[in-house]
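Since every read-out is calculated from the coordinates, none of them should be taken as a lab result. Treat the numbers as computed from the prediction; the structure is a model and nothing was measured. In this analysis, Cβ positions are derived from the backbone assuming ideal geometry, glycine residues included, and neighbour counts consider all displayed protein chains.
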Amino acid sequence: MEATLQALGGLLLKAVPTLLLLVLVHFYLKWMFFRPMGDVLTRRRASTEGLRQSSEATLKKASELAASFESKLHEAREQIYQEQDEARRRWISEQTTRVEEARHQARELIHKSKLQLETESSAAKQELAATTDALAEQIAQAVLKKKAVA
């Protein structure tokens, strides 16, 4: 067993320079490769995070602008609808006024026409009454002349 321990001790003694070299390579790589790589990754992460935050802020601002435009568009539509409604009401009111004026004028025309018809009718009746007596007398004379001639 002692020979095994001595052999193991010899192996360990031969492994010490390799172990020291491995530790030296470890610290060298850590200092020359991994630290700069970590710095680069840290800067990259920071810039990516900054860009992401910037893009989120821009997206938020864009959505706020879109909402603002949407609300302004909604207000403009409402205003247009109100103006159209007001114009329609005005038009209906004007049409109603015109219809009432036309009805009033028609009533006046009908009333005047009735009055004119009544006056013309009474004048015609008087004229007929006046000519009736003269015609009756002419008819009677003509009948009497025929009887006298016959």
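Structural remarks
- Distances between every pair of Cα atoms in the chain, grouped in 10 Å steps from 0 to the bin holding the largest one, split as 8, 9, 8, 8, 7, 7, 7, 6, 6, 5, 5, 4, 4, 4, 3, 3, 2, 2, 1, 0 percent.
- Angle in degrees between helix 2-29 and the longest Cα principal axis of the chain, rounded to the nearest 10: 40 degrees
- Rounded to the nearest 500, the helix-only mean residue ellipticity at 222 nm of the chain stands at -36500 deg cm²/dmol, with each DSSP H run of n ≥ 4 adding -39,500 (n - 2.57).
- Euclidean distance between Cα centres, segment 82-129 to segment 35-53, Å: 90 Å
- Furthest towards positive pole of dipole, V25, Q95, A46, structure part segment 1-147, Cβ charges: V25
- Rounded to the nearest 20, the size of the Cβ-charge dipole of segment 12-150 about its Cα centre is 1180 debye, with Lys and Arg at +1 and Asp and Glu at -1.
- Residue of T96, T58, T131 that the Gaussian network model of the chain assigns the largest fluctuation, springs spanning Cα pairs under 10 Å: T131
- Largest GNM mean-square fluctuation across S55, S93, S121, computed for the chain with C-alpha springs under 10 Å, falls on S121.
- Alpha carbon convex hull of segment 1-61, volume per residue in cubic angstrom: 77 Å³
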